[in-house]
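Only the coordinates and a few stated rules stand behind these numbers; no lab work does. Predicted, not measured: the structure shown is a model, and the values here were computed from it. Quick reminder, even Gly has a Cβ in these numbers, built from the backbone with ideal geometry, and neighbours come from all protein chains shown.
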Amino acid sequence: MSEKIAAVVKAAKSLPNYRVVAVNSVVLNNSGAYAAQELAYALAWGAEYMTMLTEAGVANYKAANAIRFNMGIGGNYFMEIAKFRAARLLWAKIVEAYKAPIFTTALKNAAKMNVSAETSKFNMTIFDAYVNLLRSQTETMSAALAGVDEITVTPFDVTYERPTDFAERIARNQQLLLKEEAHFDKIVDPAAGSYYLENLTASIAAEAWKQFLAIQEQGGMYEMVAAGKVQEHIAANLKARLGDVAKRKEVLLGSNQFPNFTEKAAKKIKADAGACSSICNCKEQRAKNKEQGHCGCDSKCENALPTLPVARAAEEFETLRLETEGAKKQPVAFMLTIGNLVMRIARAQFSCNFLACAGYKVIDNNGFKTVAEGIKAAKKAKADIIVLCSSDDEYAELAPKAWKVLQRMDEAKRPMFIVAGAPACMEDLQKLGIQNFIHVRCNVLETLKQYNQQLLNK
């Protein structure tokens with residue numbers, strides 16, 4: 001391996017400004033890696049190349065000058081600014097370790113990190129896709145303010161089709177806007193001097209360096225990849241992040257929070273959108289790839305190494321909503337608002353957003369005088385779900401009344417009954433047979449999966 005990389009560097013001798021060895025941590029970012037983790041692996045990867053090249057006889061400064069970092073840009077605005085700033089500090093520290101016999105001026109200049117940044121696909125969505133423009137714009141700003149050398153903006157429609165000319169033009173213009181109108185190219189380090197960003201940079205640098213040293217202790221990046229440890233760590237992080245998305249700890253506007261109630265997306269998804277970029281063929285394609293030993297895209301793997309997980313944060317919510325969209329009947333959720341004005345409005349809004357994440361039709365109401373009046377209106381609306389929206393104090397009286405009325409209905413035609421909130425009387429209500437409660441501590445994804453199973457299989 002060392003000889004091959006060294007041969008590439010020597011072959012590029014006539015192109016002194018061309019960097020031929022790439023550390024591509026974009027793949028880690030798109031698999032759900034956290035900022036400090038991506039940075040640690042990228043540094044370990046770069047250090048591995050430095051070792052290979054210098055051991056193969058390439059001068060230290062030439063080795064450093066041959067390496068280019070392609071890094072992803074996550075959605076945490078300030079964290080990403082700090083990540084790139086920390087990257088330059090730590091890479092210079094690593095390159096300095098190769099100074100034998102002396103730290104020459106050439107090596108000092110070569111210690112300047114060359115970074116190409118790419119906006120993440122991990123947090124891009126199919127539903128409410130124009131929000132992808134906002135995500136990629138703030139990501140681009142993070143990288144630009146951090147002083148990266150190049151930026152690639154991912155077109156907003158990449159999740160469901162091959163990017164159109166319009167989407168690609170917009171992606172290019174997003175960068176031009178920052179350069180020509182915001183003049184981001186005129187300032188060397190706008191984050192310098194900010195206590196918050198300086199402190200955040202130091203914190204990320206400390207964490208990334210800690211992880212970097214741990215990687216070195218385990219034999220370096222190549223050994224960890226060969227042992228499948230990098231893949232395991234990334235998979236564990238992905239699981240944690242998807243869990244946060246499911247619980248709305250990590251918000252994806254338009255997918256797990258504040259969805260567009262009336263949007264339909266199935267028709268815009270193109271089958272030829274590319275490997276694992278379109279949700280319509282992902283599940284089957286991945287199963288097929290796994291059986292045939294493929295890496296997750298279309299090409300055959302060269303070895304049997306475990307591969308990185310391929311997923312987007314919103315994918316499971318999108319699958320859920322597309323299932324609803326393809327059902328014979330769209331479930332109707334009716335808000336039975338009653339009692340305390342402030343609480344019923346707040347809980348109706350919460351419930352509408354909650355259930356619309358699965359693609360259900362939601363009907364909000366101004367309020368009813370009695371439970372019987374609300375249930376009568378729900379029947380008239382042909383509701384599949386009735387959500388009782390009131391205050392915790394009133395639930396002890398109102399929920400049993402509503403449940404009693406519903407029990408008189410034919411079980412096959414009886415709407416699902418949900419109480420919005422987690423009242424103190426929840427245990428008493430559960431003893432009556434009321435099992436469905438939605439509140440801020442819910443796992444939104446798992447709850448909606450259960451509802452889909454009950455409602456779409458009727």
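Once you charge only the Cβ atoms, +1 for Lys and Arg and -1 for Asp and Glu, what is the size of the charge dipole of the chain about its Cα centre, to the nearest 20 debye? Please report the intermediate quantities before stating the final value.
Working: 57 positive and 49 negative charges, 182 e Å.
Computed charge dipole of the chain: roughly 880 debye.
How big is the dipole moment of region 74-196 about its Cα centre under a simple scheme where the beta carbon of each Lys and Arg is +1, that of each Asp and Glu is -1, and everything else is neutral? Debye, nearest 20, please.
Its charge dipole is roughly 620 debye.
How far is helix 392-407 tilted off the main Cα axis of the chain, in degrees rounded to 10, range 0 to 90?
Computed tilt is about 60 degrees.
Would you please put 6-12, 76-82 in order of how densely packed they are, using the mean number of other Cβ atoms within 10 angstrom per residue and starting with the highest?
76-82, 6-12
For the chain, build the charge dipole from Cβ charges (+1 Lys, Arg; -1 Asp, Glu) around the Cα centre, then report which of Ile418, Asn70, Val21 sits farthest towards its positive end.
After comparing all options, I get Ile418.
Toward the positive end of the charge dipole of region 319-458, about the Cα centre and with charges on Cβ (Lys, Arg +1; Asp, Glu -1), which of Cys389, Gly326, Tyr360 goes farthest?
Toward the positive end, the furthest listed residue is Gly326.
For region 318-361 and region 398-449, compute the distance between their C-alpha centroids and round to whole Å.
Value for the Cα centre distance between the two parts: 14 Å.
Please work out the C-alpha center-to-center distance from region 26-63 to region 109-148 and express it in whole Å.
With region 26-63 and region 109-148 each reduced to a Cα centre, they are spaced 20 Å.
With axes computed from alpha carbons, what is the tilt in degrees of helix 131-146 against the longest principal axis of the chain, rounded to the nearest 10 within 0 to 90?
Helix 131-146 sits at roughly 30 degrees to that axis.
How big is D for region 119-247, in µm² s⁻¹ as a whole number, if Stokes-Einstein is applied with the Kirkwood radius of its Cα pairs at 37 °C and 0.692 mPa s? Intermediate results must be reported in sequence, preceding the final value.
Values: Rh = 17.6 Å.
Answer from the Stokes-Einstein relation: 187 µm²/s.
Could I have the simple spin-label model distance between Ala22 and Leu176, label points 7 Å from Cα toward Cβ, reported in nm to one decimal?
A separation of 2.5 nm, rounded to one decimal place.
Between Gln454 and Val342, what length in nm is gained on full extension when 0.36 nm per residue of separation is reduced by their alpha carbon distance?
On the way: separation 112, 0.36 × 112 = 40.32 nm, distance 3.12 nm.
Roughly 37.2 nm would be gained on extension.
Helix 35-55 against the longest principal axis of the chain: what's the angle in degrees, Cα atoms only, rounded to the nearest 10?
It works out to around 20 degrees.
Using Cα pairs under 8 angstrom and six or more residues apart, how large is the relative contact order of the chain, in percent? Please list the in-between numbers first.
On the way: 740 pairs, mean separation 62.0, N = 458.
Dividing the mean separation by the residue count of the chain yields 14 percent.
Could you pull out every residue, at least 5 positions away or on a different chain, whose amide H is within less than 5 Å of the one on Gln257? Hs are placed 1.01 Å off N in the peptide plane, and Pro or chain starts have none.
Placed amide hydrogens put Leu252 under 5 Å from Gln257.
How high is the relative contact order of region 328-456, in percent, with contacts defined as C-alpha pairs under 8 Å that are six or more residues apart?
Relative contact order, region 328-456: 28 percent.
Please name which of Met224, Val153, Tyr41 has its Cα lying farthest along the dipole of the chain towards the positive end, using unit charges on Cβ (Lys, Arg +1; Asp, Glu -1) and the Cα centre as origin.
Of the candidates, Val153 comes out farthest on the positive side.
Just check region 189-253 against the gyration tensor rule for me: Cα atoms, a ≥ b ≥ c as the square roots of the eigenvalues, rounded for a/c under 1.5, and otherwise prolate or oblate depending on whether a/b exceeds b/c.
Oblate is the answer for region 189-253, as a/c is 1.5 or above yet b/c matches or exceeds a/b.
Evaluate the charge dipole of region 163-281 about its Cα centre and quote only its size in Debye, nearest 20, assuming +1 on the Cβ of each Lys and Arg and -1 on the Cβ of each Asp and Glu.
Using only the charged Cβ atoms, the result is roughly 640 debye.
Per residue and in Å³, how big is the convex hull formed by the alpha-carbon atoms of region 328-456?
Roughly 99 Å³ of hull volume per residue.
How do the peptides 389-400, 162-173, 437-448 rank, highest first, by the average count of neighbouring beta carbon atoms within 10 Å per residue?
389-400, 437-448, 162-173
Based on the mean of other Cβ atoms within 10 Å per residue, sort peptides 221-230, 108-117 so the most packed one is first. If you can, show how the numbers build up before the last one.
Details: 221-230: 17.3, 108-117: 19.3.
The packing order, highest mean first, is 108-117, 221-230.
Rounded to the nearest 500 deg cm²/dmol, what is the calculated helix-only ellipticity per residue at 222 nm for the chain, with -39500 (n - 2.57) per DSSP H run of length n ≥ 4?
Value at 222 nm, helices only, nearest 500: -16000 deg cm²/dmol.
Kirkwood Rh over alpha-carbon pairs of the chain, then Stokes-Einstein at 20 °C and 1.002 mPa s: what D in µm² s⁻¹, rounded to an integer?
In µm²/s, the coefficient is 86.
Considering only Cα-Cα distances, which of the following residue pairs are longer than 29 Å: Lys186/Lys210; Lys112/Lys247; Lys62/Lys210; Lys121/Lys264; Lys121/Lys247; Lys249/Lys413? Walk me through the intermediate numbers first.
On the way: Lys186/Lys210 34 Å; Lys112/Lys247 41 Å; Lys62/Lys210 27 Å; Lys121/Lys264 21 Å; Lys121/Lys247 21 Å; Lys249/Lys413 36 Å.
Beyond 29 Å: Lys186/Lys210; Lys112/Lys247; Lys249/Lys413.
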